[in-house]
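Heads up, the thing below is written out as structure tokens.
Read-outs throughout are calculated quantities, based only on the coordinates presented, and are distinct from any laboratory measurement. On a predicted model such as this, the values are computed, not experimentally measured, just so you know. Here the Cβ is made from the backbone with ideal geometry for all residues, glycine too, and neighbour counts use every protein chain on show.
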Amino acid sequence: MIFAKIDFINLLPFHVYIKKNIASTQVKSIIQYKKSYPADINKKFKKRKVDSAFISSIASRNEKRLNLGIVAKKDVQSVILVPGKPGDDFQSETSNALAKVLNLKGQVIIGDKALKYFHENPHDEFIDLAKVWNDKYKLPFVFATLCYSKNGKVLNKIIKGFNKKHIKIPRYILNSYSKRSGISSNHILEYLKKIDYEINTKEKLALKKFLKLAKNKGL
């Protein structure tokens with residue numbers, strides 16, 4: 001099973017869970033990882049170069065999904081728009097589409113670099129796209145869903161025990177991500193409190209609404 005890994009901070013608890021819970025099982029021997037950014041992973045999944053991955057919501061239409069994803073209940077800090085600097089972020093199709101759905105114009109920045117920008121430029125004018133979505137629709141925003149083309153039963157078994165609340169991130173891993181991203185460990189932990197992973201009734205409603213609005217925009 002080839003699993004594409006988005007190597008951003010927002011999936012850190014999930015990767016810690018995988019590392020801990022399948023390290024000594026037979027499952028580990030059949031999983032191969034391919035690391036990349038969301039938009040590239042979307043392409044690899046569509047071409048079936050990978051079997052499963054967290055796929056950007058905008059690219060998840062008609063794909064088989066599990067009830068796991070990357071969700072922001074309100075603000076998220078890692079998906080922002082800087083007014084006056086037009087341009088999409090090549091790494092994310094969903095965030096670019098979200099800006100268009102919300103009729104917002106500016107430079108879209110996502111992921112770890114957006115979180116770093118958020119903390120390094122507190123006095124700059126920028127817009128948190130997940131917050132605008134929540135303010136407007138009173139719904140969480142689903143940035144990605146866990147999709148698969150095969151080995152769905154194996155994947156579902158792997159994620160069955162995943163619960164963000166039970167994940168303790170080892171200090172050495174936290175320090176590694178902090179050093180790599182330039183974001184303090186405390187800011188990483190604060191940020192992860194804003195990320196959820198379960199896709200339940202509200203999340204499904206939010207995803208359906210976003211995809212409908214995006215389709216109406218020709219996206």
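Can you name the number of the only condition in (1) surrounded by 16 or more Cβ atoms within 10 Å (Cβ to Cβ); (2) out of contact with any strand residue (DSSP E or B) (no Cβ under 9 Å at 6 or more places or on another chain) that residue 123 fails?
Evaluating residue 123 over (1) surrounded by 16 or more Cβ atoms within 10 Å (Cβ to Cβ); (2) out of contact with any strand residue (DSSP E or B) (no Cβ under 9 Å at 6 or more places or on another chain) leaves (1) as the failure.
Is there a residue being more than 19 Å from residue 110 (Cα to Cα) and surrounded by 12 or more Cβ atoms within 10 Å (Cβ to Cβ) anywhere in the range 190-197? Can you show your working first?
At the first step, the residues of the range 190-197 found to be more than 19 Å from residue 110 (Cα to Cα) are none.
Checked the range 190-197: no residue is more than 19 Å from residue 110 (Cα to Cα) and surrounded by 12 or more Cβ atoms within 10 Å (Cβ to Cβ).
Has the range 105-128 got any residue that is within 18 Å of the chain's Cα centre (by Cα) and at positive phi?
yes
From the list 158, 169, which residue is assigned to a loop (DSSP other than H, G, I, E, B) and either within 26 Å of residue 44 (Cα to Cα) or of a type in the set (Val, Ile, Thr) (or both)? Show your work before the answer.
Values: 158 fails: assigned to a loop (DSSP other than H, G, I, E, B).
Sole residue among the options that is assigned to a loop (DSSP other than H, G, I, E, B) and either within 26 Å of residue 44 (Cα to Cα) or of a type in the set (Val, Ile, Thr) (or both): 169.
Can you find, within the range 45-75, the residue that is farthest from the chain's Cα centre (by Cα) among those that are part of a strand (DSSP E or B) and of a type in the set (D, E, K, R)?
Among them, the one singled out is 64.
Just checking, how many residues over the range 121-145 are in contact (Cβ under 8 Å) with a residue 24 or more places away in the chain and under 20 Å from residue 193 (Cα atoms)? So that I can check it myself, show each step before the final result.
To start, the set of residues in the range 121-145 that are in contact (Cβ under 8 Å) with a residue 24 or more places away in the chain comprises 124-134, 136-137, 139-145.
Checking the rest, the ones that are also under 20 Å from residue 193 (Cα atoms) come to 127-134, 139-145.
Result for the range 121-145: 15.
Rundown of residues vs (1) out of contact with any strand residue (DSSP E or B) (no Cβ under 8 Å at 6 or more places or on another chain); (2) within 22 Å of residue 8 (Cβ to Cβ), yes/no style:
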| residue | (1), (2) |
| --- | --- |
| 129 | no, yes |
| 134 | no, yes |
| 145 | no, yes |
| 158 | yes, yes |
| 162 | no, yes |
| 184 | yes, yes |
| 196 | no, yes |
| 206 | no, yes |
| 213 | yes, no |
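Output the residues belonging to the range 180-208 that are within 15 Å of residue 73 (Cα to Cα), assigned to a helix (DSSP H, G or I) and of a type in the set (Lys, Arg). Before you say what the answer is, go through the steps one by one.
So in the range 180-208, the residues within 15 Å of residue 73 (Cα to Cα) come out as 190-207.
In the following step, the residues that additionally are assigned to a helix (DSSP H, G or I) were identified as 190-192, 201-207.
Hits for the range 180-208 are 202, 204.
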